[in-house]
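First up is the structure itself, then whatever we jot down about it.
Read-outs: derived from the displayed coordinates by stated rules, not from any lab. What you see is a predicted model, and the numbers here were worked out from it, not measured in a lab. Don't worry about glycine lacking a Cβ; one is built from the backbone with ideal geometry, like all the others, and counts go over all protein chains shown.
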């Protein structure tokens, strides 16, 4: 299975942060991604500058019949369609789609690093995975989401909020 994480901390010409994520999911479906599960929305402060708008994130569990390289290209097009612009690292953005895990593939080259290199230390990645795929094991660290969450700092574990709002597709 594939794990994706979609985040937004800016409204766009399409509407709210929530709408940006819903549009991203629909565009992923149009690109032949087969979604099996979608987590609830999670809200976290921006990192590292907590004064910036809060992020909304969701996790997806999916299947894809094509290569990780093709999916990376599709994701870049989708982010651009929603209105993502080139900006400095950690700046606010209307849409950010990350491949967290692609069928357990371990790969590092100039176009991609799989699994996502910081997935094991990000609360907004781990909590959605725990919700939708509790048996998932990190391909490198060989630990599940619960163990990785327990290894996060106390602050990282309390600054995330599961929202009672689901994606509309």
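Among 63, 74, 151, whose mean-square fluctuation peaks in a Gaussian network model of the chain (Cα, cutoff 10 Å)?
Among 63, 74, 151, the largest GNM mean-square fluctuation belongs to 151.
According to a simple spin-label model (label point 7 Å from Cα along Cα-to-Cβ), what is the distance in nm between residue 37 and residue 150?
1.9 nm
Go ahead and run the numbers for FRET between residue 158 and residue 103, Cβ-Cβ distance against an R0 of 22 Å, rounding to 0.05.
It comes to 0.10.
In whole angstrom, note down how far apart the Cα centers of the range 1-33 and the range 55-77 are.
That distance is 10 Å.
Report the residue, chosen from 54, 135, 19, that carries the largest GNM mean-square fluctuation when the chain is represented by alpha-carbon nodes joined by springs under 10 Å.
Its mean-square fluctuation being the largest, the pick is 135.
What is the fewest-to-most order of 23, 113 by other Cβ atoms lying within 10 Å of their Cβ?
In increasing order of surrounding Cβ atoms, one gets 113, 23.
With 10 angstrom as the radius, rank 65, 98 by how many other C-beta atoms surround their C-beta, starting from the fewest. Present the calculation step by step, with values, prior to reporting the outcome.
Numbers: 65 8, 98 17.
The most exposed by this proxy come first: 65, 98.
If R₀ is 22 angstrom, what is the calculated FRET efficiency for the pair residue 85 and residue 14, using the beta carbon separation as r and rounding to 0.05?
0.95
Counting alpha carbon pairs within less than 8 Å and at least 6 residues apart, what relative contact order, in whole percent, applies to the chain?
Relative contact order comes out at 31 percent.
Under a 10 Å cutoff between Cα atoms, tell me which one of 118, 157, 84 has the largest fluctuation in the Gaussian network model of the chain.
118
Against the empirical 2.2 N^0.38 Å scaling, what ratio does the C-alpha Rg of the chain come to?
Normalised by 2.2 N^0.38 Å, the Cα Rg of the chain equals 0.96.
Given R₀ = 30 Å, FRET efficiency for residue 165-residue 113 by Cβ-Cβ distance, to 0.05?
0.45
If you stretched the chain out fully between residue 121 and residue 29, how much longer would it get, using 0.36 nm times the residue separation minus the C-alpha to C-alpha distance?
30.3 nm
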